[in-house]
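Contents: one structure, followed by commentary.
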Amino acid sequence: MIHPHTCIRYIDDVIGYGVFATQFLPKGTIVYVKDELEIDLSPEHYQSLPLTFRETVDKYSYIDEKGHRIVSWDFAKYVNHCCNCNTMSTGYGFEIAIRDIQEGEEITDEYGLFNMETEMYVDCKQANCRRRIMASDIDTYHAQWDEKVFGALLRLDQVEQMLWPILSAEMQHALAKFKQDPSQYLSVHQLKWEGALYKWNGKG
Ligand SMILES: [Zn+2]
């Protein structure tokens with residue numbers, strides 16, 4: 001579920017829709033939670049779908065650490081990638097604002113954490129634009145992404161968390177451990193789906 005202080009807006013014919021903040025969202029705000037209403041497709045279920053369904057799923061889903069395709073039931077699926085994103089997936093099952101997001105600003109994400117099966121070409125007009133987003137980005141960049149997520153997590157208790165009630169008991173437990181001892185931090189690298197490697201090696 002996406003944060004209630006967001007809306008969907010049409011950007012242009014190339015980008016399509018995007019998600020925008022309708023109020024100021026400070027760094028440390030949980031902006032998206034992978035909640036129990038999300039559509040969760042196992043690899044077997046996905047493979048059994050007709051092509052038309054698979055194409056739609058490919059467009060709107062991300063792949064989690066178990067290789068499942070997750071399609072958001074709300075407009076979280078319209079959040080676009082930016083190489084200088086303002087929210088990021090965490091090892092805790094939610095996304096967090098890694099810097100202050102102003103009212104009216106587009107909410108953006110790092111697709112390098114989404115286990116993409118094909119490369120994606122992007123032009124996000126940022127000085128650090130990588131141009132190509134691929135699954136192996138998580139190996140290359142996880143340390144710098146962790147730095148941003150870690151800093152945001154330290155502010156969890158200092159900002160309003162409207163999505164707190166929908167965090168699962170498991171998520172809350174992992175966060176409690178982090179608050180007690182930040183060295184227990186769960187890296188974004190654990191979002192990597194290792195199964196893809198087996199497939200490429202012809203073992204699966
Ligand atoms: Zn870019």
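Couple of notes before you dig in:
- Here Glu110 fulfils each of the conditions (1) within 16 Å of the ligand (Cβ to nearest atom); (2) farther than 26 Å from Ser42 by Cα; (3) among the charged types (D, E, K, R); (4) touching a Phe, Trp or Tyr at 6+ places or on another chain (Cβ under 7 Å) apart from (2).
- Restricting region 1-34 to residues that are out of contact with any Ser or Thr (no Cβ under 8 Å at 6 or more places or on another chain), β-branched (Val, Ile, Thr) and assigned to a strand (DSSP E or B), the residue that is surrounded by the most Cβ atoms within 10 Å (Cβ to Cβ): Ile30
- Here is the figure for region 61-100: residues that are closer than 21 Å to His5 by Cα and in contact with a Lys or Arg (Cβ under 8 Å, 6 or more places away or on another chain) total 9.
- Members of region 82-126 that are over 19 Å from Tyr17 (Cα atoms) and without any contact (Cβ under 8 Å) to a residue 40 or more places away in the chain: Gly112, Thr118, Glu119
- Looking across region 45-67, the residues that are under 15 Å from the mean Cα position of the chain (by Cα) and part of a loop (DSSP other than H, G, I, E, B) come down to Asp64, Glu65, Lys66, Gly67.
- Within region 176-189, the residues that satisfy the criterion of being in contact with a Phe, Trp or Tyr (Cβ under 7 Å, 6 or more places away or on another chain), modelled with pLDDT of 95 or more and in a helix (DSSP H, G or I) are Phe178, Val188.
The values are calculated or read from the model by the stated rules, or taken from the named source; none is laboratory data. Just so you know, these numbers come straight off a predicted model, no measurement behind them. Note that we place each Cβ from the backbone using ideal geometry, even for glycine, and neighbour counts take in every protein chain shown.
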